[in-house]
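Take a look at the structure below.
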Ligand code: SF4
């Protein structure tokens, strides 16, 4: 947890510099898979490899260390001193909408986001409907520096989540179409400000078809939604860079610029 190479967490400055983002986890673990996208969950794999037992039905996530939980304040100070903005992906080892989050952990995150105004938070969940019921009283139409995203890996679970996240107030809603497992068909992107596409990585990866990606990119373009192609998928992480059929697809949402 700290600086990350995940491409979509980067921030591109006005003079073209690419600033890496951060990953942050208030807790570690996930008590229940939430759809087909979870089958080869990299976080569960990483947890197992590091000797943990915090993923899967019947487990209980653990709070991360206080030092770790306070890191965003330091990142915010650094960003402020440098006159920059940085993105924070929350969380890479948790789901912000987990029903079994450690007591008080989710509640502790909200004032942290408010207090770190130089950071742009990307909150990703596979439980958008549930998360929508847990937002704090001062959330209003969304904190200016918080985006809500959900995973859309297939039609069955993903398209339902897409409908659900539209109902949740946020300054920016985004879709993580990763791992893309099938052709999503026609998608309505009303209310969505950013789409990230990626194939599955790892040894048991399920291959993604080029045509499925074509169709999503075409619909993003038709509906005026920025699209970011993360990776083609395969054994290596970030295989193929952001190239889709030889074209770099790396578009960013109007977010910080838009709301400030
Ligand atoms: S919801 Fe996220 S963290 Fe939990 S099993 Fe699925 S992919 Fe892993």
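Conditions tested, residue by residue: (1) in contact with a helix residue (DSSP H, G or I) (Cβ under 8 Å, 6 or more places away or on another chain); (2) in a loop (DSSP other than H, G, I, E, B); (3) modelled with pLDDT under 95.
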position	(1), (2), (3)
170	no, yes, no
182	yes, yes, no
213	no, no, no
221	no, no, no
224	no, yes, no
240	no, yes, yes
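Between 254, 181, 159, the distinction of being more than 28 Å from residue 85 (Cβ to Cβ) and touching a residue at least 60 places away in the same chain (Cβ under 8 Å) belongs to 181 only.
Among the residues of the range 58-99, which ones are under 17 Å from residue 31 (Cα atoms) and without any contact (Cβ under 8 Å) to a residue 24 or more places away in the chain? Walk me through it before giving the result.
Of all residues in the range 58-99, those under 17 Å from residue 31 (Cα atoms) come to 58-64, 90-99.
Scanning the range 58-99 gives no hits.
For residue 163, the criteria (1) in a loop (DSSP other than H, G, I, E, B); (2) surrounded by fewer than 22 Cβ atoms within 10 Å (Cβ to Cβ); (3) under 20 Å from the mean Cα position of the chain (by Cα) hold in every case but one, which is (1). Selection of the range 91-108 for residues being closer than 15 Å to residue 122 by Cβ and more than 12 Å from the ligand (Cβ to nearest atom) yields an empty set. Within the range 131-147, the presence of at least one residue that is within 16 Å of the ligand (Cβ to nearest atom) and in a helix (DSSP H, G or I) is confirmed. Could you list all residues from the range 55-76 that are within 10 Å of the ligand (Cβ to nearest atom) and buried (at least 17 other Cβ atoms within 10 Å of the Cβ)? Result: 55, 61. Counting only residues that are under 23 Å from residue 46 (Cα atoms) and exposed (fewer than 13 other Cβ atoms within 10 Å of the Cβ), the range 174-206 holds 2 of them. For residue 123, work out the one condition from (1) within 24 Å of residue 5 (Cα to Cα); (2) away from the ligand (no atom under 16 Å from the Cβ); (3) in contact (Cβ under 8 Å) with a residue 24 or more places away in the chain it doesn't fulfil. Exception for residue 123: condition (2).
Restricting attention to the range 105-115, does a residue exist that is part of a strand (DSSP E or B) and surrounded by 18 or more Cβ atoms within 10 Å (Cβ to Cβ)? Spell out the reasoning first.
Of all residues in the range 105-115, those part of a strand (DSSP E or B) come to none.
No, every residue in the range 105-115 fails to be part of a strand (DSSP E or B) and surrounded by 18 or more Cβ atoms within 10 Å (Cβ to Cβ).
Scanning the range 55-75 for residues that are part of a loop (DSSP other than H, G, I, E, B) and under 17 Å from residue 92 (Cα atoms) yields 56, 60, 61, 64, 65. Scanning the range 4-45 for residues that are in a helix (DSSP H, G or I), more than 10 Å from the ligand (Cβ to nearest atom) and surrounded by 20 or more Cβ atoms within 10 Å (Cβ to Cβ) gives 8, 9.
The values are calculated or read from the model by the stated rules, or taken from the named source; none is laboratory data. The shown structure was predicted, so the numbers you read here are calculated from the model rather than taken from an experiment. Note: ideal-geometry Cβ built from the backbone for every residue, glycine included; neighbour counts use all protein chains shown.
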